[in-house]
1. Looking only at the stretch 205-234, count every residue that is assigned to a loop (DSSP other than H, G, I, E, B) and buried (at least 19 other Cβ atoms within 10 Å of the Cβ) and tell me the total.
2. Report yes if some residue within the stretch 44-60 is closer than 24 Å to Leu322 by Cα, of a type outside the set (A, V, I, L, M, F, W, C), open to solvent by 40 Å² or more (accessible area, probe 1.4 Å) and free of Cβ contacts under 8 Å to residues at least 24 places away in the same chain; otherwise report no.
3. Does Ala4 fit the bill of being within 20 Å of Asp309 (Cα to Cα), small (Gly, Ala, Ser) and modelled with pLDDT under 95?
4. Of the conditions (1) out of contact with any Leu (no Cβ under 7 Å at 6 or more places or on another chain); (2) among the small types (Gly, Ala, Ser); (3) part of a loop (DSSP other than H, G, I, E, B), Ala100 fails just one. Which one is it?
5. Please find, within the stretch 299-327, the residue that is farthest from Leu15 (Cα to Cα) out of those that are buried (at least 17 other Cβ atoms within 10 Å of the Cβ) and of a type in the set (Gly, Ala, Ser).
6. State whether one or more residues within the stretch 28-43 are open to solvent by less than 30 Å² (accessible area, probe 1.4 Å), part of a loop (DSSP other than H, G, I, E, B) and modelled with pLDDT of 95 or more.
7. For the stretch 252-279: of the residues being of a type in the set (Ser, Thr, Tyr) and not in a loop (DSSP other than H, G, I, E, B), which is surrounded by the fewest Cβ atoms within 10 Å (Cβ to Cβ)?
8. Can you spot a residue in the stretch 290-298 that is within 21 Å of Arg203 (Cβ to Cβ), assigned to a strand (DSSP E or B) and open to solvent by 20 Å² or more (accessible area, probe 1.4 Å)?
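The values are calculated or read from the model by the stated rules, or taken from the named source; none is laboratory data. Please read these numbers as outputs of a predicted model, since none were measured by experiment. Cβ coordinates were reconstructed from backbone atoms using ideal geometry, including for glycine residues, and neighbour counts include every protein chain displayed. Ligands, DNA and RNA are excluded from the accessible area calculation, which covers all protein heavy atoms including side chains. Shrake-Rupley method; radii C 1.70, N 1.55, O 1.52, S 1.80 Å.
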Amino acid sequence: MSSASTSSLLSDATLLRFDRAADFSEGWAAVRVGDRSFFIDATGATTLDVDPGLDGVSAFAEDLALCQVNGVYGFLDRSGEIVIPPQYSSATPFSEGLAAIRPGNRYGFIATDGALVIEPQFVSARAFHDGMAAVKLPDGQFGYIERSGQWKIEPRFDDASSFSEQRAAVRLNGQWGYIDSTGEIIIPATLDGAFAFAEGRARFREGNQWGFLSPNGEMAIAPTYSFASDFSEGLAAVLIDNKWGYIDREGNVVIPAQFDYAANFSQGLAAVKLGSAYGYIDSTGAWAIDPQFPNAGSFSDGWAWAQIDREFVYVNAQGEFLRQPAI
């Protein structure tokens with residue numbers, strides 16, 4: 001467990017501290033100190049200084065990062081070169097080689113070289129998953145397109161989510177159900193809320209109560225929770241009587257409801273809040289890192305950001321903090 005006091009950490013000159021810090025993604029994390037934005041790797045070394053003329057950058061996805069200047073978006077590569085000039089009113093990170101962009105009042109898609117692949121024509125567009133993207137037409141109907149821009153599933157839904165585990169949640173006549181990759185409704189639209197499948201379970205809402213479905217639509221876990229998160233690493237965070245705990249895929253309580261907030265497990269640990277402080281627990285519910293942070297993120301690439309006072313640091317699963325690289 002991490003036992004260093006906040007005051008000792010703040011006075012530690014070797015500790016890497018940031019004004020802003022994001023999750024690691026594809027080996028790098030975007031951070032900011034003062035008016036300087038840059039990326040670091042898992043050793044704490046600076047890998048890329050961001051052009052100060054840019055107003056902001058996002059995490060890397062498929063080796064490209066969104067960048068913003070004067071309210072418009074483009075993309076830069078790992079050398080810092082802007083390979084797709086800022087020109088879009090809105091843009092999403094790349095997924096499966098394509099990114100949704102909005103040059104005016106309609107969305108289309110571009111490839112990683114900036115070439116326009118699908119003409120702007122949609123009111124909204126979600127990222128590609130499983131070879132398809134949910135898009136919305138001006139008449140309000142959602143459907144799914146292939147990478148060519150052709151319809152894979154004709155627009156007929158009031159709302160539609162991205163595919164996950166060969167299923168997608170769709171809304172018809174105010175209720176939610178699920179379709180397969182052919183567009184066939186495999187779980188009837190009778191649910192008040194429906195979300196993506198993860199690890200063979202999809203959380204759904206019935207009134208104010210939450211439960212989980214199996215891929216064939218059977219009730220895997222009855223709706224008895226005030227809220228529920230997706231399954232991750234075999235466990236899902238659920239809210240019971242204003243406290244958070246964790247259940248397994250059969251609905252057994254594995255970690256009793258005792259926390260004031262609980263995040264998903266990632267790389268073996270989950271950030272949980274007890275009182276006013278966050279720490280990390282392992283899959284048995286034991287503390288891996290004592291609660292001591294005003295805020296804390298999820299682990300990726302071996303590190304999680306955490307807040308100390310008004311600054312951000314990175315901590316690993318052993319409770320050790322990212323420090324200045326040795327020269």
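1. 2
2. Within the stretch 44-60, one or more residues are closer than 24 Å to Leu322 by Cα, of a type outside the set (A, V, I, L, M, F, W, C), open to solvent by 40 Å² or more (accessible area, probe 1.4 Å) and free of Cβ contacts under 8 Å to residues at least 24 places away in the same chain.
3. Here the answer is yes, as Ala4 does meet what is asked.
4. (3)
5. Of everything passing the filter in the stretch 299-327, Ser300 is farthest from Leu15 (Cα to Cα).
6. Looking through the stretch 28-43, none of the residues is open to solvent by less than 30 Å² (accessible area, probe 1.4 Å), part of a loop (DSSP other than H, G, I, E, B) and modelled with pLDDT of 95 or more.
7. Tyr261
8. No - not one qualifying residue is present in the stretch 290-298.
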